[in-house]
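The values are calculated or read from the model by the stated rules, or taken from the named source; none is laboratory data. Keep in mind the model is a prediction, meaning the values are calculated, not measured. Counting neighbours? That spans all protein chains shown, and the Cβs are built from the backbone with ideal geometry, glycine included. Side chains included, ligands, DNA and RNA excluded: accessible areas come from the protein's heavy atoms. Shrake-Rupley method; radii C 1.70, N 1.55, O 1.52, S 1.80 Å.
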Amino acid sequence: MMFLSQLSLNSRNTDVHRDLASPYEMHRTLMRAFPNPDSGGAGRVLFRIEAPRDEDAEPTVIVQSELQPDWTGLQKKQYATVNGPKPIAFASRADGAQATSDAAQIRNGDRFRFRLVANPTVKRKVEGRKNGRRDACVTEEQQLAWLVRKGEAGGFHLAKIETDDDRSVPNVTVTPGGRMTTHRKKDKNTLCHLGVRFDGVLIVADAVKFAETLASGIGSAKAFGFGLLSIARA
């Protein structure tokens, strides 16, 4: 079971301006809707900031959480108008048979439209450093290759389309999001992430793995607004 919330932000609120300028501050604000570590913690929380489609619309934040959030505090501060939380669950069957559950059914071969804002990186070994380092995937070719690898590990592959010159390419639009710099107060570190938005069509290859991917997200820097995979039937 997961919970999905949509927060329509109040652009006249000064806290909203602060949080939109800093994914770290946005994360801190959202986490106030969940139990603190002394009370068991928030569980897994993923979020994505959606820019308004036109200048008169408010920006929104999509939040997917393992626990049911309490948005009362943000509403009292007129931070956002909240839709949700809506409970959502996925039932998967790798053999394609109907799962015996009222949850949303996922089966091998299912096609979904998807959106993913991610921080595509590759981990490289560095002599003298235990954990190596993460380098950003900077070209569209590298970013698509990263998504293909994540799909193979996460139970899906990208649908293909034919081009005018008879090539078969992934049915995915890649939109650069630019570099996002965040100043983290607790250790005074400055973090930099390269954001990329993927919109396209995927096909489920392993329903069980895919359900796990939906719950856990994709890639690194999830606390900074990356990794939430949103789907709709194609």
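So here's what we get for this one:
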{"read-out": "So Asp70, is it surrounded by 19 or more Cβ atoms within 10 Å (Cβ to Cβ), among the acidic types (Asp, Glu) and not in a strand (DSSP E or B)", "value": "no"}
{"read-out": "Matching residues, region 1-34, being under 25 Å from Glu212 (Cα atoms), part of a loop (DSSP other than H, G, I, E, B) and at pLDDT below 95", "value": "Met1"}
{"read-out": "Close pairs (6 angstrom Cβ cut-off, 6 or more residues apart or separate chains): more than 14 Å from Ser92 (Cα to Cα) in region 199-218, part of a loop (DSSP other than H, G, I, E, B) and open to solvent by 30 Å² or more (accessible area, probe 1.4 Å) anywhere", "value": "Gly200/Asn171; Val201/Asn171; Val201/Ala234"}
{"read-out": "Failed item in (1) loosely packed, with under 12 Cβ neighbours inside 10 Å; (2) hydroxyl-bearing (Ser, Thr, Tyr); (3) at pLDDT 95 or above, with Thr60 passing the rest", "value": "(1)"}
{"read-out": "Members of region 28-55 that are open to solvent by 70 Å² or more (accessible area, probe 1.4 Å) and within 17 Å of the chain's Cα centre (by Cα)", "value": "Arg28, Arg44, Ala51"}
{"read-out": "Condition broken by Glu25, with the remaining ones in (1) under 20 Å from the mean Cα position of the chain (by Cα); (2) over 23 Å from Ala221 (Cα atoms); (3) open to solvent by less than 20 Å² (accessible area, probe 1.4 Å) satisfied", "value": "(2)"}
